[in-house]
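Structure first, commentary second.
The values are calculated or read from the model by the stated rules, or taken from the named source; none is laboratory data. Since this is a predicted model, take the numbers as computed values, not measurements. Reconstructed Cβ throughout: ideal geometry from the backbone, glycine too, with neighbour counts over all protein chains shown. Accessible surface is based on the protein model in full, side chains and every heavy atom, while ligands, DNA and RNA are left aside. Shrake-Rupley method; radii C 1.70, N 1.55, O 1.52, S 1.80 Å.
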Amino acid sequence: MIFHFLTIWDICLLLVRVSIIVVVVVHVLLTKRDVGASIGWIGVTVLMPLTGGVLYSMFGINRVHRRARRMAGQHPWRSRTTSSQWRREETGTFAPLASMAGKLTGRPLLGGNAVTPMHDGDSVYPRMLAAINNARHSVLMCSYIFRDDRIGRQFCDALIAAHKRGAQVRVLVDGVGSGYFNCGVGRILHHAGVPVGRFMHSMLPCRMPFINMRDHKKILVVDGLTGFMGGLNIGEENIAASRPRHPVSDTHFELNGPVVHQLSEAFARDWAFTCGEELTADIYFPRQDSHGPSLSRIVTAGPDMDLEKIEYTMLQAFTLAQRSIRIMTPYFLPDDRFLTALALASMRGIEVDIVVPWHSNHTLLDWARAANLPRFLDSGCRIWLARPPFNHSKLMVVDRHWSFVGSSNLDVRSLRLNFEINLEIYDDALATMIDGFIATHRHVRMTHHDLDRRSFPRKMRDAAARLLLPYL
C-alpha cells in the first residue's frame, strides 16, 4: 500500500538512494582495510545516501593507488637504482631491519655515502644555492612549500640561471602547499621557460578527490651527484637572521655517494606521475664514487604502491632496539599501532625519549596532541617539550646506530596520506651526533601532572580535537 501513495519521482529517488548505498557498501567491503573507516563510510552513506555517496566518491576512493598500480614497473630508470657496485648488506643487530627494508622498498642498502647534517635555512640555503649555481648538467628540485618571497626568488633566480646555461632543470611543487589559487614561483619559473609541475593540482571539481593527498617531499639533486633532503621548505621564515615573525628551525641533509641515485629516482617517479615525462638520461644518473662510511637507503611512502612503508620501517626498528629510541618531531599524533610498538619497547626497558615543540605552528594539532600523550606517559615513555623557536626537524635514532631522517612527521596524515621521503642510515658516528642534537632540545619534561592540571573545558577541547586525528 505504501507504493500506492508514492509518485514516480519518489520511487526513482528511492531507487537511486538504494543503488548508491549498495555501490558504496560493495566498494568499501572489497577495498577498505581499516575497519573503523569502513564502518564510518557505510554509516554515513546509509544515513545520508546522496551526500554520503558524493563524499565517498571524492575522498573515500584511492585513485592514486589505482593509477600507481598501472604505472608500476614501467619506469626505465628503475634498474639503475636497484643495482650498484656499492651494494652492501648490514650485519649485526639491525640485519633483520636491513633485510626487511630491502624487501619492502625494493631498493638496496648502499655503502660509500657521506651524509652531512645541517641546521636552519641560514646554513642550508647558501649550500643549496651554491650547488644550483654550479650545476652543469641537471637540477631536480621538489618542495612542499616554495614561497614567493625573498628566499624563494633567490632560488628562482638560481634555477632560471641554470636553465639558461643549458642545464636540464625540473621543479616540482605541491599543488596546495605552494599555493592552490596562486603559485607565484610556479608562474615565475614557467614564464622563464623552466619546466615546473604542480603535484595533484586542478581547479576542476572532478579532480577534488586528490586535494587531501599532498607531496610533502623536499628534494634537490644537482648533476645527479649531490643531493639535499630533509624537513626544510623554501621560505624566509627559516632564516633566523631575518628575524621573521614566526621563525622555524629545521634540519636538512646533504648527500654524496651512490644513494643519490635513489634520491633522483624518487624525484623521477613523482615527476613522471605529475608531468608524464620520464627522466632517463645519463645526466640524471651518472656514475657514482664512494664518498663516506654511511650505509644508506631511501624509503618513500604515500597512498600508492608505497603505502605505509615509512611507518613499517619505524616499527621494525622499534622491535630491534636494545638500549634507546630518540624521536624529534614537530607533530606527534601517531596511531594505535605506533603507540603499541613504542609502549612495548619502553616496558621492556628501552629508553624512549620523544621531543616535541612547546607550541607548533598548528594550534589544533597541539590540542589533539595533549589528549593523545597520556597513553605514552603511562607506558614509561618520556615526553620532552622544546622551547621556541618552533623546530620542524624530523629525526629518529635507535641505539645510537640507526638513524631515520627526512620529511615524514609522526601523524596519521603524514604516514598515510602524504607522499613522503626518508633516509635510513647505518652509521654510529652520525647517529651519535643526531642523538646529541635531540638531547639538546630536551628542555622541559612533560608529566601526568602537567596534563591533569588542565581545566575541564581544555580537556574537553583537546579530546574533541583528537577525534580529528585521521585528518589532521
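Quick look at the values:
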| quantity | calculated |
| --- | --- |
| Within the stretch 92-116, considering residues that are of a type in the set (Gly, Ala, Ser) and out of contact with any Leu (no Cβ under 8 Å at 6 or more places or on another chain), the one nearest to THR300 (Cα to Cα) | GLY106 |
| One residue from ALA429, ALA465 being farther than 16 Å from HIS119 by Cα, in a helix (DSSP H, G or I), of a type in the set (A, V, I, L, M, F, W, C) and open to solvent by less than 10 Å² (accessible area, probe 1.4 Å) | ALA465 |
| The stretch 325-359: number of residues that are farther than 25 Å from THR432 by Cβ, in contact with a strand residue (DSSP E or B) (Cβ under 6 Å, 6 or more places away or on another chain) and open to solvent by less than 60 Å² (accessible area, probe 1.4 Å) | 3 |
| Top-ranked residue in the stretch 250-303 [being of a type in the set (D, E, K, R) and assigned to a helix (DSSP H, G or I); ranked as surrounded by the fewest Cβ atoms within 10 Å (Cβ to Cβ)] | ASP282 |
| Qualifying positions in the stretch 127-186 - in a strand (DSSP E or B) and over 19 Å from the mean Cα position of the chain (by Cα) | SER138, VAL139, GLN168, VAL169, ARG170 |
| Among residues of the stretch 100-114, those that are open to solvent by less than 20 Å² (accessible area, probe 1.4 Å), in a strand (DSSP E or B) and within 23 Å of GLY231 (Cα to Cα), counted | 2 |
| Whichever residue in the stretch 360-398 is of a type in the set (Gly, Ala, Ser) and part of a helix (DSSP H, G or I) and, among such residues, is least open to solvent (accessible area, probe 1.4 Å) | ALA368 |
| Selected residue [over 28 Å from ASP215 (Cα atoms), modelled with pLDDT of 60 or more, of a type outside the set (Gly, Ala, Ser) and open to solvent by 40 Å² or more (accessible area, probe 1.4 Å)] from THR91, THR45 | THR91 |
